[in-house]
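The block underneath contains the structure these notes are about, expressed in structure tokens.
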Amino acid sequence: MAASGTLPTHARRTPGDALSALAAELRALPPSCGPVRLVAVDGHAGSGKTTFAGRLAGALGGAPVVHLDDLATHEEPFGWTGRLREQVLEPLAAGRDTAYRVYDWTLRRFAGTAEVPAAPVVLVEGVGAGRRAVRPWLARVIWMELDADAARRRGEERDGPDLAEFWAGWARAESAHFATDPSRPYAATRVDGVTGRIAPGTVGEPSTSALTCDITRI
């Protein structure tokens, strides 16, 4: 028991400590995609996935980050699983460095590439990163805790009125996706989308949901 007037060690942990602990935990996981520990950072659009993934990548010493916005398109916001499998997952599973084609949302076509080395930990961030088709390749799902309405308001404020129509269409597609293929129940780690704090008990605790239960590879 902690001395009177002092908090237990876990209660005194700072956000940086928790992030370092999470990074250490991810490095210690068994590889899930060839030699790679593939980790999904999922949540609603506007929930802080990209920011948190960047912080976590830094805590991991510069881990590669695959951004699913680079693989999605206007016509197929969730139709990127084949591209992810062929350009990222299968090469990494074979232990090879790889690269994927990046979609340009202004030009509305794929332009340029992003490299992904077969590092010990690779992050995949984006809406649907923890979806059913990807979970067999994953070592961990991280979920950003921010409800859809709050996340959408944040995104609309960030992007301005010019993208209001895009956000309306996106919200419908996202709602339909999570209604049939939720990621949150499979997340062993959850992060507050407002503060960026990792939820107590989700670092150092095993997932209560098997990632590969009743799932076939894409």
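The values are calculated or read from the model by the stated rules, or taken from the named source; none is laboratory data. Since the model is a prediction, treat every value here as computed from it, not as a measurement. In this analysis, Cβ positions are derived from the backbone assuming ideal geometry, glycine residues included, and neighbour counts consider all displayed protein chains. Surface accessibility is based on the protein's heavy atoms, side chains included, excluding ligands, DNA and RNA. Shrake-Rupley method; radii C 1.70, N 1.55, O 1.52, S 1.80 Å.
In terms of its C-alpha gyration tensor, segment 25-96 has an oblate overall shape, because the principal axis ratio a/c (a ≥ b ≥ c, square roots of the eigenvalues) is not below 1.5 and a/b does not outweigh b/c. Taken over segment 76-173, the alpha-carbon convex hull comes to 125 cubic angstrom per residue. Summing Lys and Arg as +1 and Asp and Glu as -1 over all other residues whose Cβ lies under 15 Å from the Cβ of Gly61 gives a net charge of +2.
Heavy-atom accessible area, probed at 1.4 angstrom with all protein chains present, ranks Leu84, Leu107 as Leu107, Leu84, highest first. Compute the signed sum of charges (Lys and Arg +1, Asp and Glu -1) over the other residues within less than 12 Å, Cβ to Cβ, of Gly130. Here the count lands on +4.
For Val191, the residues 5 or more places off, or on other chains, whose built amide H falls under 5 Å of its own are Trp143, Met144, Glu145, Ala199.
Accessible surface for segment 71-128, divided over its residues, is 46 Å² per residue with a 1.4 Å probe. Other residues whose C-beta falls under 13 angstrom from the C-beta of Ala139 contribute a net charge of +3, scoring Lys and Arg +1 and Asp and Glu -1. Solvent-accessible surface of protein heavy atoms, probed at 1.4 angstrom with all chains present, puts Asp17, Asp70 in the order Asp17, Asp70, largest first. Ile142 contributes an accessible area of around 0 Å² to the protein surface, as traced by a 1.4 Å probe with all chains present. Amide H contacts of Val121 (H built 1.01 Å from N, in plane; Pro and chain starts excluded): Arg37 sit under 5 Å, all sequence-distant by 5 or more or on other chains. For Tyr103, the residues 5 or more places off, or on other chains, whose built amide H falls under 5 Å of its own are Leu71, Ala111.
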